[in-house]
Structures are given as C-alpha cells and as structure tokens.
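One structure below.
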Amino acid sequence: MGRPKKRLTSGCAAAAAGGKKLMQDEVQSSQLQSSILLQSLLLREKRVYGFPLTLPAATDGMIGWRERNREAAWLCTAARRLGLGLDSTTMAVAIFDKVLTGTKVPNKYVNCVAVASLSIAKKLCEDHEEDAPVFLGRLRLEYSSQELKRMELLILQTLSWDASLPNTYRFIECLLQKIGAPFLLSSIKCHLETILCDSNLIANFRPSVLALSIVSLLIEATNRHWHHPVNALARMCKLPMCEITRCRTRIASLWSRHVLPMPSTFHLLASSSSSSNNQSTYPQIDGEESDEEMDFPKSRRQAVMSPSTPSPTSPSPRALQPTPC
C-alpha cells in the first residue's frame, strides 16, 4: 500500500514542476514577443510621425484644432455605439489625425473623413466585417456607400496605403505585457478616450511618451516604488524621463479637469473584474449626446438647446448628421 502512494506523490510533484516550468516558458515567450513588437512600434513611430504635430496653414473654411477635438469626441461616441474595442477607437483617431496633419481638410468634409477613418480602423482591428450600408445604418448616417468608399480610398492614398499606424493603445498594450500586467488595460478606457480628445496632448507628445506616462500612473497606483520599473521601461524605449514627467503632470491635470478618478488599487481591481464592454460604467465625454439627441435634425436641436462654445480641451462631439462628401 505504501509503495503505490509514494509513486503517486512523486508523479504529482513531477507534474506540478512541469506545469510550473511550462508557465514560466509561456511568460518568457510572451515578454519576448512584446519586446519585439515594442521595438517595431518605436521604429515605425520615428518614421511615420514628426512632432509636434501641426495642421496646414489655417484659412477660412479649413479645420482647426477645435474642430479636430470635436470630431475625435465624435469618433469615441460612434465607436461606443458600434461596440468597438479601444484598439479600434485609438486607431481611428490616429488615422484621422494623420490625414488632418498631412493635407488640408475643409470643415464641410471633416465628419466624412472621421467616418471613413473609423471604417478603416474597424476593418483593421475587428474580427468581423459588415457591409457599408449596415455600418452607416448603425450610426444613423445618411452617407451613401459610394461616398464612404470614395473617402476611404482618398485616405488610404494619403497614407500611402499604410493605415496600420503605431498608436497609444498599442504602446500601452506592449508595455503592460512587458511588466506582466495586461489586465490593467481595461480599466483606463475613459481615461484614454479623454486624452484622445485633447489636441494639446496629442499634438505635443508622441504615442510612446503618452503610453509610458499612462502606464507610470497605473504602476504608481499599485506600487509606491514605481520609479524603478518606469525608469527601466524608459531606458528600453530610449525616452527621456524629463519628458515622461512633464507628460504625466499634464495627463493628471487633464483627468482632474474632467473629474475622472486618478487610478488607484481599488479602482484598477474593480475595473479589471468587470466587463470592458459594459458601457453603462463609462462617464460621458463632455458634450456627449444621448441616442435620442443624435436623431434630432440639427435645426431642431439648435432650437431646443442653448448654444455653447466648446473649448479645445473640452470637445463636444458632432451629432451623427451627414456632411456631403
């Protein structure tokens, strides 16, 4: 009786040791992949972007930073309606910004550019595809499929057919994977959306700097010795800590102005245990409209709503109304 029991115990120990080694190998493999992807993103960022971002010389009828913020907020609202992931939202804003900084866009076409940017990002980042009429119908837009496809083609030509741009979300994803905390990503949806709608941050800080600044705030919420891992990540990305510190300060100030809670251990754990697709937990972006308000004709909404002038850092999303392409 004693001998089989001994063999059974020995077998369990061997299985446990094998499982532990397999888990360690998986973690090391995951971290290696994230390091390779991170270096690839950094190289592409240097090649694709030039900072600070500038818009073409402003003339009458051309889009400015205020209109850019408004359309970025519209993109966040539309992505929520479609149930898209944060990767799609961030990619759409990155494509939109790249088009705006690369060519002059008249105000009357800007919403059409935003819709086409969202459509391209959805095709790049989401597993499922849907026809253009279905996509436009879900957003309750009156653009034709031909108008949408024509604008998508113009955008792709402007981007030299390279629309998969390095963006803040993808840097955050790699950095969190590198430190073994990818579960924290779902807790910052509203925080990242607020940054995407602020041209003061987007125009002056590279996506890698924004990402590491956000990650540093997440680490600080769970570890008082946050300087050590953040310094290590900054050295790996070859980013100056003085720039990270300056960006951190401005992000914290932005979140404070928008009455968003600074990341805390309780907040991060509570957010990571809930579904990332539960839209009822997201605060509205300033000026975000309900579904009923989005359906109002523009003239009717202006008659029942008092006019207000949006500030560059507090954008109001456009109503989901079409602009002829």
State which residue is surrounded by the most Cβ atoms within 10 Å (Cβ to Cβ) when the search covers only the range 157-178 and only residues that are more than 16 Å from Glu45 (Cβ to Cβ) and under 20 Å from the mean Cα position of the chain (by Cα).
Lys178
The number of residues in the range 46-71 that are among the aromatic types (Phe, Trp, Tyr) and assigned to a loop (DSSP other than H, G, I, E, B) is 2
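Identify the residue in the range 209-245 that is of a type in the set (D, E, K, R) and surrounded by 15 or more Cβ atoms within 10 Å (Cβ to Cβ) and, among all such residues, is modelled with the lowest pLDDT.
So, considering only residues that are of a type in the set (D, E, K, R) and surrounded by 15 or more Cβ atoms within 10 Å (Cβ to Cβ), the one modelled with the lowest pLDDT is Glu220.
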From the list Lys98, Lys122, which one is surrounded by fewer than 23 Cβ atoms within 10 Å (Cβ to Cβ), within 15 Å of the chain's Cα centre (by Cα) and more than 20 Å from Val48 (Cβ to Cβ)?
Lys122
Selected residue (only one of Leu212, Leu239 is assigned to a helix (DSSP H, G or I) and out of contact with any Gly (no Cβ under 7 Å at 6 or more places or on another chain)):
Leu212
Which numbered condition Arg224 misses (of (1) more than 17 Å from Leu42 (Cα to Cα); (2) free of Cβ contacts under 8 Å to residues at least 24 places away in the same chain; (3) assigned to a helix (DSSP H, G or I))
(3)
Hand me the list of helices (runs of 4 or more DSSP H) wholly inside the range 104-194 holding 2 or more residues that are more than 19 Å from Arg80 (Cα to Cα).
145-158, 168-178
As an exercise: evaluate Asn204 against (1) part of a helix (DSSP H, G or I); (2) in contact with a Pro (Cβ under 7 Å, 6 or more places away or on another chain) and give the number of the one condition it does not meet.
(1)
Restrict the check to the range 64-84 and report whether at least one residue is modelled with pLDDT under 90 and surrounded by fewer than 22 Cβ atoms within 10 Å (Cβ to Cβ).
yes
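The values are calculated or read from the model by the stated rules, or taken from the named source; none is laboratory data. Worth saying up front: this structure is predicted, and the values here are computed from it rather than measured. Cβ sites come from the backbone with ideal geometry, for glycine too, and all protein chains shown count toward neighbours.
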